[in-house]
1. Name the helices (runs of 4 or more DSSP H) wholly within region 41-133 that hold at least 1 residues that are polar (S, T, N, Q), under 15 Å from the mean Cα position of the chain (by Cα) and closer than 30 Å to T27 by Cα?
2. What are the residue pairs meeting all of these: first residue in region 34-63, first residue within 15 Å of D8 (Cα to Cα) and without any contact (Cβ under 8 Å) to a residue 12 or more places away in the chain, second residue of a type in the set (S, T, Y) and part of a loop (DSSP other than H, G, I, E, B), Cβ atoms under 8 Å, and 6 or more apart or on different chains?
3. Residue pairs, Cβ under 9 Å, 6 or more apart or interchain, first in region 73-97 and touching a residue at least 40 places away in the same chain (Cβ under 8 Å) and crowded, with 16+ Cβ neighbours inside 10 Å, second part of a helix (DSSP H, G or I) and of a type in the set (S, T, Y). List them.
4. Please name all residue pairs, on different chains or six or more residues apart, with Cβ atoms under 9 Å, provided the first residue is in region 118-133 and is farther than 16 Å from I108 by Cα and the second residue is modelled with pLDDT under 95.
5. Does region 49-63 include one or more residues that are touching a Lys or Arg at 6+ places or on another chain (Cβ under 9 Å), over 22 Å from G81 (Cα atoms) and not charged (D, E, K, R)?
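The values are calculated or read from the model by the stated rules, or taken from the named source; none is laboratory data. Keep in mind that what you see is a predicted model, and the values were worked out from it rather than measured. Counting neighbours? That spans all protein chains shown, and the Cβs are built from the backbone with ideal geometry, glycine included.
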Amino acid sequence: MARKPHEDSRLAKYLEKRVLELRPHKTQAEIAEQAGFINPNMIAMLKNGATKLPLDRVPSLAVALECDPRLLFNLALDQLGGDTTVRAIEDIFGVVVTKNEAAWINEIRDASGHTDPSLTSRGRSAIRGIFGK
């Protein structure tokens, strides 16, 4: 069986999980319609890695999935790999940070008194411990 080009992408895995979470409230076809996709099978194609998510579809799909558009944008960028578009976006904007990641950064700034602390091995271990790594 031929492998799909994006089946192992973080986006495909995220969509699989998110569609399951939304299943009690909406179908894949409803998600596709809310996102503005003409083909109702587009969500299935994204989930199984048959196609990649066009960057211009991120905002509408994020609304349909009820998720942070910056998270979805990062996942879509991952699918592009070393593409020149990705490099240009990162050169201009740096790392795209989700709302949740921004909250962590703001908490670190507040806790450190805005002193721009470096990440020490102790700090890294503490953060990894929070996530069981």
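1. So the answer is 58-65, 69-80, 99-111.
2. Qualifying pairs under 8 Å: M45/T51.
3. L75/Y14
4. Taking only residues 6 or more apart or on different chains, the pairs are K133/I127.
5. Checking region 49-63: not a single residue is touching a Lys or Arg at 6+ places or on another chain (Cβ under 9 Å), over 22 Å from G81 (Cα atoms) and not charged (D, E, K, R).
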